[in-house]
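The values are calculated or read from the model by the stated rules, or taken from the named source; none is laboratory data. Keep in mind that what you see is a predicted model, and the values were worked out from it rather than measured. Quick reminder, even Gly has a Cβ in these numbers, built from the backbone with ideal geometry, and neighbours come from all protein chains shown. These area figures cover heavy atoms from the full protein model, side chains too; ligands, DNA and RNA do not enter into them. Shrake-Rupley method; radii C 1.70, N 1.55, O 1.52, S 1.80 Å.
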Amino acid sequence: MYPDRVVSGMRPTGTMHLGHYHGALKNWIRMQSEQPCLFFVADWHALTTHYDDPSIIEKSTWDMLVDWLAAGIDPTQATLFIQSKIPEHAELHLLLSMATPLGWLERVPTYKDQIENLANKDLATYGFLGYPLLQAADVLIYRASEVPVGDDQVPHVEMMREIARRFNYLYGKEKGFEEKAEAAVKKLGSKRAKLYNELRTGYQQNGDEAALEQAKAMLDDAQSLSMIDRERLFGYLEGSRKLILVEPQAKLTEASRLPGLDGRKMSKSYGNAIALREDKEVVTKKVRTMPTDPARVRRTDAGEPQRCPVWQFHQVYSDGPTQEWVQKGCRSAGIGCIECKQPVIDAIIKEQEPMHERAQPYLDDPSLVRAIVADGNEAARKLAQETMRDVREAMGLNYG
Ligand code: SF4
């Protein structure tokens, strides 16, 4: 099979905040040392909802890249790039659109939700309907094995898998496929070739899933095979088609959810966010003025942490003993709200200190970020071009 690879992107539509950090970036930082990762700025996706005012996209793109680096994304481990600099995403999107049933796009649950949530925008556009297909192209073009997502994005990955499957079914039929596959079987060596044929028969005639898995594992280990022969043999196991696009798996992220200052989802548009690189003074002021349990009108009134957004911050930021101190102190009116908020303020400031430090060199010299992205664009484009060569060939477009 193709090498394991994680692909994920974010839309540059404004300042990044701590909700993004706890919800996604922390996972990216963990994954970057576990397997090859490609992280991209989804600027074309930003246009699907900001087509009438694209002015924030450029600034948000560079700010977001500094935020990623500040948070701990390491460009020596992960590839960072900008979607619109890899035109092959658009080409694959267009080609996939030819064979994608409209109903697949219309039934994506977030499509209707977003249209309702953003009722002030006219989203009855071709681009907005097609954005899950562009997402599919973003991932399939790198033959990603995994896409990190929250629960709400799982149907998108499911659709990506259906699109890849359909593409392989429609275009994986190569001229002389069987002869080429049989020649590739011989390259396995006589012992392994015999085993491959037995396992293939076991799967195709008896539906033996264990035989299929054993054969796949054997192909994974067969270092002597070229990538194309390996793909032919994977396809030959299950039928008579080559696997050109890879079906990615959804990797559910175990994100801790940090709500906004008012307890709703953290979002710049709600005015309840703490920016990723917020000044200390602003952090202090924002947390000090956070709403608390409405029943605690006076210092002497007992409160209930479950009704208080500050408690949700303690759940992300405080250790066991501090959480116990909050629970007891709040319910007995033993502590005041200002006192209760201080450990949260301290923890956020401590979390952000290394982020400010890491960001500084990039703020002093923006050409450093440009250089990182130029390298990332080049590396990503190389991978995208490899896939597009196979896609064009499979669709009969490699003439002229
Ligand atoms: S003591 Fe803490 S948890 Fe209780 S209401 Fe005040 S801020 Fe909220």
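Key figures for this structure:
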read-out: Residue satisfying all of: in the range 323-345; within 11 Å of the ligand (Cβ to nearest atom) and of a type in the set (Val, Ile, Thr); most open to solvent (accessible area, probe 1.4 Å) among these; value: Ile338
read-out: Selection within the range 280-328 - in a loop (DSSP other than H, G, I, E, B), over 20 Å from Lys350 (Cα atoms) and among the polar types (S, T, N, Q); value: Thr292, Thr300
read-out: Per-region count, the range 284-302, residues within 8 Å of the ligand (Cβ to nearest atom) and open to solvent by less than 20 Å² (accessible area, probe 1.4 Å); value: 2
read-out: Residue in the range 303-322 that is of a type in the set (Asp, Glu) and either surrounded by 13 or more Cβ atoms within 10 Å (Cβ to Cβ) or within 11 Å of the ligand (Cβ to nearest atom) (or both) present; value: yes
read-out: Scope the range 75-90; condition open to solvent by less than 50 Å² (accessible area, probe 1.4 Å), more than 13 Å from Asp375 (Cβ to Cβ) and without any contact (Cβ under 8 Å) to a residue 60 or more places away in the chain; matching residues; value: Ser84, Ala90
read-out: Residue match in the range 381-394 (condition: in contact (Cβ under 8 Å) with a residue 60 or more places away in the chain and among the polar types (S, T, N, Q)); value: yes
read-out: Hits in the range 252-266 (condition: acidic (Asp, Glu) and either away from the ligand (no atom under 16 Å from the Cβ) or open to solvent by less than 30 Å² (accessible area, probe 1.4 Å) (or both)); value: Glu254
read-out: Criterion (in contact with a strand residue (DSSP E or B) (Cβ under 6 Å, 6 or more places away or on another chain) and part of a helix (DSSP H, G or I)) met by exactly one of Ala374, Ala380, Ala359; value: Ala380
read-out: Of the criteria (1) assigned to a helix (DSSP H, G or I); (2) surrounded by fewer than 19 Cβ atoms within 10 Å (Cβ to Cβ); (3) of a type outside the set (Asp, Glu), which one Thr387 fails; value: (2)
read-out: Residue that is nearest to Met395 (Cα to Cα) [pool: residues in the range 173-220 that are touching a Lys or Arg at 6+ places or on another chain (Cβ under 8 Å) and open to solvent by 50 Å² or more (accessible area, probe 1.4 Å)]; value: Lys173
read-out: Residue count, the range 3-46 (criterion: in a strand (DSSP E or B) and open to solvent by less than 30 Å² (accessible area, probe 1.4 Å)); value: 10
read-out: Helices (runs of 4 or more DSSP H) wholly inside the range 91-172 that include at least 1 residues being buried (at least 19 other Cβ atoms within 10 Å of the Cβ), in contact with a Lys or Arg (Cβ under 8 Å, 6 or more places away or on another chain) and touching a residue at least 60 places away in the same chain (Cβ under 8 Å); value: 154-171
read-out: Residue check, Ser269 assigned to a loop (DSSP other than H, G, I, E, B) and surrounded by fewer than 16 Cβ atoms within 10 Å (Cβ to Cβ); value: no
